[in-house]
Structures are given as C-alpha cells and as structure tokens.
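Here is the structure we will look at, set down as structure tokens.
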Amino acid sequence: MIKYPYKLFLVAIFSFVSSITHAEVSDASIDKLLELSGLTMQVEQFPGLIKAGMEEAKAYGAPIPDAEFSSMVYSIDEWISPSEIISGIRASVKNTINEQEARKLLAWYESDLGKEITRAEKSASTPEAYQQMVQSAQSLMADSERVEFANRLDELLGATDMTMDLQKSTGLAVYSAIFSALQPGTSVDMAQFEDEVDAENARARPDIKKLITVSFLYSYKDIAMDDLKKYESFLSDSATMKFNKTIMSSMNRELGSSVSKWAEKLAEIFIRNNQPV
C-alpha cells in the first residue's frame, strides 16, 4: 500500500501535469509555431499570388484596359493585408490549442525532417514555383504512389474543400460589391447567384482537386516517400489535426474578409473607369 505522504506527492504531481496540459498557450509558443510552420511566410505571399493570377488572366485575353488593370493591381497591396490575416489566424490558434499541444507541434517543426518539409513548402508557395509546377504537372502525376499520398494529404487537410469554399465566398463578395455599386439601393438576389456559383464549382471541382494534388506533388517532389509517410503520421495526430483545421478555417475566414474589402474597392474602380465622359 502506498503510504499517505507519497499519495499526497502523487496527487501533487498529477495536478501539476494536468495544469501544464491545459495551460493557456503562451504568445511566444504561438508566434514560434506560426513562423516555424511556414504559415507566416506563406500568408505574406498572398498579394503576390493574387497579382500573378490577374496577370495570367490578362495574358489569356481578359478584356481589362491597362489603366484599370493597374488600379486593380495597386489596390491589392492596399486591401489584402497579410498582417491582418495572420493576426486573425493567430487569435484562432491561441483559443484552440494548449501549451502542451503547442510544444508537441514545435518538436516536429524543430526536427530535421520538419524543417526539411517546411522548407519545401515555402519554396513551393511563390508565384515562380507555381509556373514551374504547372509546367511539370504531367510528369508529377505519373508517380502513382506519390499521387495516392497527395490524395490522402488532401483528405487530411481538407485542402480541396477549403479552396472550393474560398472560391465561392470570393465570388459572392465580388458579385455583391459590383452589383451594389452599379445599382445602389437595390437589394441583391444572392440566392440565384449562389446557385449558379454552386453549379459552376461542382463542374470545376475535379480540376481544382487535380491542381491541389499537383501542388502537393510539386512541394514534396524531393522528399523520400519514407519521410513523407512520417509526415503523414504527424498530420494524423490529434493535436496536428486540431491545429491544421484551425489554420484552414481561420485562413479562409480572414482571407475572405480581406477579399470582401478588396471587392468593394474593385467595384469603385470598375464604376469610375466605365462612367461616360
């Protein structure tokens, strides 16, 4: 039988461990986690990626006058604010994970493999990398084992679903802003437009999913499959899944909010440049 003083000691130890487990995550841990995971750097790439997308659309024949296009590009830096997006994500993560979970995640990101994978993800998140990814898509898709891994990764992270949700919210925001600018005081029939967006998204989903698959294939092309299986195991851990789910949902929310503000600016530009003189 455990003597009474030792029982008190064990109770004290268990209480201490419990307090650590459920302790509020520190600001230092959150900041370090967002930095080491590559999230901060990737969010900072958002304005450049949006600009690259607009340049691509214009190159493929989108009928946008040069002056209007320049105003639209300039407005991206004004309204798509990485610091605001990161701040919102940071608040969500702080309210979701505890200090023990943060330390567990940091242990991975500070490991050699964690650093290697994060470097690969950072390298693949630039506009230049996107062009290389598109050019090498066919050869990347030829590796069936890696394709299966990429599909499992998509399921774990919900990447395709997030992309579809963001595409929908962005489309609705832009439509609402431009309609309101063109017809001030008139209520917007969002239901009909939302049905059209849903139908278009359903048709586009296979292409979006393929793009997500190719992006994963490109990101991890130089990492051995055995190491990628270890990464998959890390992603399947409950703490990691909680962290990633929070990141995905809050990023969607914050980016959607920024895009909504930007859409209002786009509507102003559109109206100003299309008024009769």
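In table form, for the structure just shown:
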| item | result |
| --- | --- |
| Met54 paired with Ser83, simple spin-label distance in nm, labels 7 Å along Cα-to-beta-carbon | 2.1 nm |
| Distance in nm between pseudo-label sites at Glu268 and Ser92 (7 Å out along the Cβ direction from Cα) | 2.7 nm |
| FRET efficiency, Ser26 to Ser144 (Cβ-Cβ, R0 35 Å, nearest 0.05) | 0.20 |
| FRET efficiency estimate (nearest 0.05) - Cβ-Cβ, Arg203 to Ser236, R0 30 angstrom | 0.40 |
| Principal semi-axes in Å for segment 22-149 [√(5λ), Cα gyration tensor, largest first] | 33, 23, 10 |
| Tensor-based shape of segment 28-273 (alpha-carbon gyration tensor, a/c under 1.5 rounded, otherwise prolate or oblate) | prolate |
| Rounded Å value of the spacing that divides the Cα centres of segment 137-157 and segment 82-110 | 27 Å |
| Environment charge of Leu217, counting only residues whose C-beta is closer than 9 Å and scoring Lys/Arg +1, Asp/Glu -1 | +1 |
| Rg/Rh ratio calculated on Cα atoms of segment 216-277 (Kirkwood radius) | 1.34 |
| Segment 96-216: relative contact order in percent, alpha carbon pairs under 8 Å with at least 6 residues between | 32 percent |
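Any read-out appearing in this document is the output of simple, stated calculations on the displayed coordinates, not a laboratory observation. In this text, all values refer to a predicted model and were calculated from it rather than measured experimentally. Glycine also receives a Cβ, built like all others from the backbone with ideal geometry; neighbour counts cover every protein chain displayed.
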